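The values are calculated or read from the model by the stated rules, or taken from the named source; none is laboratory data. Keep in mind the model is a prediction, meaning the values are calculated, not measured. Using ideal geometry, Cβ is built from the backbone for each residue, glycine included, and neighbour counts are taken over all protein chains shown. To get the accessible areas, we keep the full protein, side chains included, count just its heavy atoms, and leave off ligands, DNA and RNA. Shrake-Rupley method; radii C 1.70, N 1.55, O 1.52, S 1.80 Å.
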Amino acid sequence: MSQTDAALSRGIQGLKGASPGSTASPKSVHRRKAIWLHVPSLIFMIIMTQIPFLLAVWFSLHSWNLLRPEEGFPFVGIANYVNEFVADPRFWPVIGHTIELVFGAIILALVAGTILALLLNRPFLGKNLLRGLATIPFLVTPSVMALVWKNLIFSPTSGILDWAFRSVGLPAVPWFSSFPLESIIFIVAWEWTPFVMLVLLAGLQSIPDEVLEAAKVDGTNPFMLFWRIIFPLLRRPYEVALLFGTIFIFQTFGEIYLTTGGGPGVSTNTLSYYTYQTAFTSWQIGQAAALGVIGVVIAILAARGMLHFTADHTPDPEEGS
């Protein structure tokens, strides 16, 4: 048989295998069944996230004041967005407070979570108990945690911190008046430190002991051991902590509502809290929807920026070959 006849025979057999009456392989059938298993979760995600977001975009293109129903629901295009960026003098300070809150809280949580993960990764008596106790701030709801810090710790009259100051002759400090945004940052960082600790602790336990022992045998000091070996191996856990921390800290609301109410003035007014005020104090639903859409875009860009910053930019040897 010539090469042409052999190629023609293989082509005919391929066509027969692709005919409608042919029997699919078990692997392809299993793959098609597995795809259908994702459909309910996909539908749930679309209903709970995408449809509300599209409605928010639609509301943001209209002027809708609930206190003035006679004005109706007129279409204004991007006027709400232009007014927020140009005409609203509070918008840019609010954006600045939001960025300061996100970066300040995530940096504190990363530093504290790294220290706790390194300490709790060592073998000692009661390790599991301390790990469980360290996760409590993350399990408590933000509203309860905010009230605890406001009334039991940061209170200038009955707080534990100011009682300790007075015991050594120092004056009491009105934390939420003198350092409002810094106090909110510390509370949020306190809440997210256990999450960072758990993610990094899981990453530390996946590092082979042989690698660390070999570095110690070579005389590596603890700082260089962490910076040169442990830290690069924890790149993925740090990415997870940065991603989730950025997205959720950006949405901080309960801590601000129950401690400072956005004050003094607008010193703790972040984008999420300002959106709430616009919607349920001024009743400007269209402007509030525009602020919500802006917040989603900023959160996505911030999360992508964090991931790009922590990404491994080392060139692939195979690509250069």
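Give the residues of region 212-237 that are modelled with pLDDT under 85, in a helix (DSSP H, G or I) and open to solvent by less than 60 Å² (accessible area, probe 1.4 Å), sorted by residue number.
Once the filter is applied, which keeps residues that are modelled with pLDDT under 85, in a helix (DSSP H, G or I) and open to solvent by less than 60 Å² (accessible area, probe 1.4 Å), region 212-237 yields 212, 215.
Can you tell me which residues in region 157-180 are of a type in the set (A, V, I, L, M, F, W, C) and either within 27 Å of residue 231 (Cβ to Cβ) or surrounded by fewer than 19 Cβ atoms within 10 Å (Cβ to Cβ) (or both)?
Hits for region 157-180 are 160, 161, 163, 164, 165, 168, 170, 172, 173, 179.
How many residues are buried (at least 16 other Cβ atoms within 10 Å of the Cβ) and among the β-branched types (Val, Ile, Thr) when one looks only at region 193-211?
Going through region 193-211 one residue at a time, the tally reaches 3.
Condition (residue is assigned to a helix (DSSP H, G or I), crowded, with 16+ Cβ neighbours inside 10 Å and free of Cβ contacts under 8 Å to residues at least 12 places away in the same chain) applied to region 126-134: is it met by at least one residue?
Taking every residue of region 126-134 in turn, none turns out to be assigned to a helix (DSSP H, G or I), crowded, with 16+ Cβ neighbours inside 10 Å and free of Cβ contacts under 8 Å to residues at least 12 places away in the same chain.
Scanning region 35-75 for residues that are touching a helix residue (DSSP H, G or I) at 6+ places or on another chain (Cβ under 7 Å) and open to solvent by less than 60 Å² (accessible area, probe 1.4 Å), which turns out nearest to residue 283 (Cα to Cα)?
65
Could you say whether any residue in region 90-107 is open to solvent by 90 Å² or more (accessible area, probe 1.4 Å) and either closer than 19 Å to residue 279 by Cβ or touching a Phe, Trp or Tyr at 6+ places or on another chain (Cβ under 7 Å) (or both)? Walk me through how you get there before you give the answer.
If we filter region 90-107 for residues that are open to solvent by 90 Å² or more (accessible area, probe 1.4 Å), which is where we start, we get 90, 92, 103, 107.
Those still in the list that are either closer than 19 Å to residue 279 by Cβ or touching a Phe, Trp or Tyr at 6+ places or on another chain (Cβ under 7 Å) (or both) too: 90.
Scanning region 90-107, I find at least one residue that is open to solvent by 90 Å² or more (accessible area, probe 1.4 Å) and either closer than 19 Å to residue 279 by Cβ or touching a Phe, Trp or Tyr at 6+ places or on another chain (Cβ under 7 Å) (or both), so the answer is yes.
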